[in-house]
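Data block below; observations after.
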Amino acid sequence: MSLASMISWLTLASPYMALGALVVSLIAVALLLAIRRRFMRLAFGRSGSIEESIAILLRDTKELQHFRIELEKYLKNAELRLRGSVQGVGVVRFNAFAGSATGGGAGGNQSFSAAFLDEELSGVVLSTLYSRNHVGVYAKPVEKGSSSFELTTEERDAIAKAKLSIAVHKKHASPADGKVSA
């Protein structure tokens, strides 16, 4: 190939090469603008720099970690307080003096025993005995479902109802997913 044929070939090809370079440069500018737009969406803060954006994200992450620690402490404290609260209530109404010679059944079903228990089955059972002339109120401590004092049948029934109330409440609460079934 001679020098003259090379020059004629370059003369013919140069406009196409220039057009190709223009197309490549336009594509490069379009990509640059797209990348710049993406970068601007990614960067925030006053200066819009990626370093400031990372610093803001790190600060926010630390704040969220601190908030999570505080929330866990609060929830543990709330859980401890809830375990000590009344979880189950059982009430039994009865006629304390039915068929007795002194009361003559005058009390009706106004007497009752009411048990108030926490999650550990500890609490109190209150009993009231009503008659026409007298009202008596009695309280007995309950630890782990029983009392160190002798319990009447009605008091034992009230404690059993309170235990059942706790069991039903626990059954409907699902701690695995944090949801309560209706």
Of (1) modelled with pLDDT under 90; (2) over 19 Å from the mean Cα position of the chain (by Cα), Glu79 fails just (2)
Return the residues of the range 90-116 that are at pLDDT 95 or above and over 17 Å from Thr152 (Cα atoms); say none if nothing qualifies. none
For the range 74-99, give me each residue that is part of a loop (DSSP other than H, G, I, E, B) and either surrounded by 15 or more Cβ atoms within 10 Å (Cβ to Cβ) or in contact with a Leu (Cβ under 9 Å, 6 or more places away or on another chain) (or both). Val86, Gln87, Asn95, Ala96, Phe97
Restricting attention to the range 127-151, which residues are over 19 Å from Gly88 (Cα atoms), among the aliphatic types (A, V, I, L, M) and either surrounded by 11 or more Cβ atoms within 10 Å (Cβ to Cβ) or touching a helix residue (DSSP H, G or I) at 6+ places or on another chain (Cβ under 8 Å) (or both)? Leu129, Val135
When you go through Met40, Met6 one by one, which is the residue that is surrounded by 10 or more Cβ atoms within 10 Å (Cβ to Cβ) and modelled with pLDDT under 85? Met40
If we keep just the residues of the range 130-143 that are modelled with pLDDT under 90 and of a type outside the set (S, T, N, Q), which is farthest from the chain's Cα centre (by Cα)? Arg132
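The values are calculated or read from the model by the stated rules, or taken from the named source; none is laboratory data. Everything quoted here is computed from the prediction, not taken from an experiment. Counting neighbours? That spans all protein chains shown, and the Cβs are built from the backbone with ideal geometry, glycine included.
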